[in-house]
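Peer 1: Quick one: the structure is below, questions incoming.
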Amino acid sequence: MGLSLAVALGVGACGDGGGGGLTVVREDRPDLPLAGLTEAERARFDVGDALFDREFRPSQGLGPVYIRAACSRCHVDDGRGPGAVERAIRVSGDGFTPLDDQGPFRAGPVLRPQFVAPATRGVTAPWSVPAEGVLRSARIGPAVFGRGWFEAVPDAVIEAGARAQAEGGVLRGRVNRDATGRVGRFGLKARVATLEDFAADAFRNDMGLTSRWQPTEVPNDDGLDDDARPGLDLDDDTVRETAFYVAALAIPRRTGLSAEGAMRFAEAGCAGCHTPSLATGPAAPFAGMANTVAPLYSDLLVHDMGVGLADGTREGLAGPRDWRTAPLMGLRFFRTFLHDGRARSVEEAIVMHRQEGSEANASVAAFEALSAEARAQLLGFVSRL
Ligand code: HEC
Ligand code: HEC
């Protein structure tokens, strides 16, 4: 169905003696809807698109403290960043285990530097606390395209992946669950089960907008439990249509993938965690996603990535060193890689999988043992995913 998305941008110059004819340039963008949406779905997509870009105002319930005023500030064009969520957390001597006593971090580890009246200050790191023993970390807003597919994968498929890994080898991927026991898929530690829950979570935690799903304002140092808009800030439709929009974003088109590259990817053990595809079930958000395979390049499990990547945060069953296998899609749209953007290239991201205690250490060694040509094939493959 690519044709409906293709746009003829240029027409080959006529009479140039070079054969002329049409030059069709296909759009390569990270923010395209799934092909084959019905007219009604396309209309909902457009409503959600506008909500995703909307700069919320204090009169609409922004705050009292918040990080950014629009989804797109942290997921520009549905890709990565530039906005991020920063944390400061007191940890023990090992550098990553959170302390029970968080001392002066009364409003929690997440920093929310922006504020609106009646708040008088944002939540920032208390500078009175010595930096020693405090782990600062950042999560750049990850890409949100292709996420509808995550919901199409049944819990049982994700659970079976964890069981298979538990039976042998170096991989020990684990399922994360939300508070009600459903298998988590969303968030960098897979703490949330559905996009609707995630949208409500993001509205509250990143923007200070409450809803039926998340009815309480975020903790703040003024002790306020409401903002300029009394009661719930958002109606149900705002949350639902925003989630629908995210669910309907396509995986950016993959072209030029080489068989050699795929082989190297498997040889180096990448595919153990970055599972090329997972089976989908009958209950999918869109008909075209049902009973097929979701090409996610992720097992949707959390893995121990070692001390160096730890952020000291526990979320559900995920520990301070655990991260969900990053789905590999649309990487050509990113300038930085890994949860905090510390890697500047795909190759750097791979090498940084090597950390004390990381499940991926053997895979990095296998990558480095490849010939220069084989490494280039692997990198070319991953960059086109
Ligand atoms: C301040 C920056 C920021 C804002 C604003 C923000 N996000 Fe995010 N978003 C993030 C970060 C950081 C994560 C990773 C969160 C985690 O690990 O729990 C994330 C994760 C997500 C995910 C899960 C992606 C995945 O791979 O699992 C979705 C979906 C999402 N955001 C949607 C939204 C929506 C919808 C809004 C607006 C209502 C929004 N975000 C506003 C920073 C932001
Ligand atoms: C043990 C499981 C595991 C193995 C093996 C593994 N990865 Fe990863 N990979 C992860 C996790 C978890 C992340 C996210 C880490 C983070 O954000 O700090 C990740 C992140 C990445 C990223 C960054 C993606 C982004 O959006 O920033 C790339 C690229 C990547 N892996 C490629 C590879 C390649 C290539 C291999 C094989 C050489 C490989 N990985 C092996 C688990 C694994």
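Peer 1: Going by what's in this entry, would Arg147 be described as under 22 Å from Asp201 (Cβ atoms), free of Cβ contacts under 8 Å to residues at least 60 places away in the same chain and in contact with a helix residue (DSSP H, G or I) (Cβ under 8 Å, 6 or more places away or on another chain)?
Peer 2: Numbers: under 22 Å from Asp201 (Cβ atoms): yes; free of Cβ contacts under 8 Å to residues at least 60 places away in the same chain: no; in contact with a helix residue (DSSP H, G or I) (Cβ under 8 Å, 6 or more places away or on another chain): yes.
Here the answer is no, as Arg147 does not meet what is asked.
Peer 1: Right, another one. Pull out all pairs, ordered by first then second residue, where Cβ-Cβ is under 6 Å, the residues are six or more apart or on different chains, the first lies in segment 358-376 and is without any contact (Cβ under 8 Å) to a residue 40 or more places away in the chain, and the second is surrounded by 15 or more Cβ atoms within 10 Å (Cβ to Cβ) and not charged (D, E, K, R).
Peer 2: Val364/His353
Peer 1: So is Ala69 away from ligand 2 (no atom under 16 Å from the Cβ), surrounded by fewer than 24 Cβ atoms within 10 Å (Cβ to Cβ) and assigned to a helix (DSSP H, G or I) or not?
Peer 2: Details: away from ligand 2 (no atom under 16 Å from the Cβ): yes; surrounded by fewer than 24 Cβ atoms within 10 Å (Cβ to Cβ): yes; assigned to a helix (DSSP H, G or I): no.
So Ala69 does not fit the description; no.
Peer 1: Please enumerate the residues belonging to segment 350-372 that are out of contact with any helix residue (DSSP H, G or I) (no Cβ under 9 Å at 6 or more places or on another chain) and not hydroxyl-bearing (Ser, Thr, Tyr).
Peer 2: Selection gives Glu356, Gly357, Asn361, Ala362, Ala365, Ala369, Ala372.
Peer 1: Hey, another quick one. Quick one: how many residues across segment 305-322 are surrounded by 22 or more Cβ atoms within 10 Å (Cβ to Cβ) and part of a strand (DSSP E or B)?
Peer 2: Number of matching residues: 2.
Peer 1: Among the candidates Asp178, Asp237, single out the residue that is open to solvent by 10 Å² or more (accessible area, probe 1.4 Å), without any contact (Cβ under 8 Å) to a residue 24 or more places away in the chain, charged (D, E, K, R) and away from ligand 2 (no atom under 16 Å from the Cβ).
Peer 2: Working: Asp178 fails: without any contact (Cβ under 8 Å) to a residue 24 or more places away in the chain.
Only one candidate qualifies: Asp237.
Peer 1: Within segment 323-341, how many residues turn out to be open to solvent by less than 30 Å² (accessible area, probe 1.4 Å) and assigned to a loop (DSSP other than H, G, I, E, B)?
Peer 2: Residues meeting the conditions: 9.
Peer 1: When only residues in segment 342-380 that are of a type outside the set (Gly, Ala, Ser), in contact with a Ser or Thr (Cβ under 8 Å, 6 or more places away or on another chain) and outside any helix (DSSP H, G or I) count, which is surrounded by the fewest Cβ atoms within 10 Å (Cβ to Cβ)?
Peer 2: Arg344
Peer 1: Name the pairs whose Cβ atoms lie under 7 Å apart, with the first residue in segment 50-75 and without any contact (Cβ under 8 Å) to a residue 40 or more places away in the chain and closer than 18 Å to Phe198 by Cβ, the second among the aliphatic types (A, V, I, L, M) and within 9 Å of ligand 1 (Cβ to nearest atom), and 6 or more positions between them or separate chains?
Peer 2: Short answer, once both residue conditions are applied: Asp53/Ala70; Arg54/Ala70.
Peer 1: Within the bounds of segment 286-303, is there any residue that is of a type outside the set (Phe, Trp, Tyr), at pLDDT below 95 and either outside any loop (DSSP other than H, G, I, E, B) or within 8 Å of ligand 2 (Cβ to nearest atom) (or both)?
Peer 2: Taking every residue of segment 286-303 in turn, at least one turns out to be of a type outside the set (Phe, Trp, Tyr), at pLDDT below 95 and either outside any loop (DSSP other than H, G, I, E, B) or within 8 Å of ligand 2 (Cβ to nearest atom) (or both).
Peer 1: In contact (Cβ under 8 Å) with a residue 40 or more places away in the chain, open to solvent by 20 Å² or more (accessible area, probe 1.4 Å), part of a strand (DSSP E or B) and of a type outside the set (Val, Ile, Thr): which single residue out of Arg172, Arg106, Arg121, Arg87 fits that description?
Peer 2: Arg87
Peer 1: Among the residues in segment 116-138, are any in contact with a Gly (Cβ under 6 Å, 6 or more places away or on another chain) and within 16 Å of ligand 2 (Cβ to nearest atom)?
Peer 2: Checked against the condition, which is being in contact with a Gly (Cβ under 6 Å, 6 or more places away or on another chain) and within 16 Å of ligand 2 (Cβ to nearest atom), segment 116-138 yields at least one hit.
The values are calculated or read from the model by the stated rules, or taken from the named source; none is laboratory data. Since this is a predicted model, take the numbers as computed values, not measurements. Note: ideal-geometry Cβ built from the backbone for every residue, glycine included; neighbour counts use all protein chains shown. Calculation scope for accessible area: heavy atoms of the full protein, side chains included, ligands and nucleic acids excluded. Shrake-Rupley method; radii C 1.70, N 1.55, O 1.52, S 1.80 Å.
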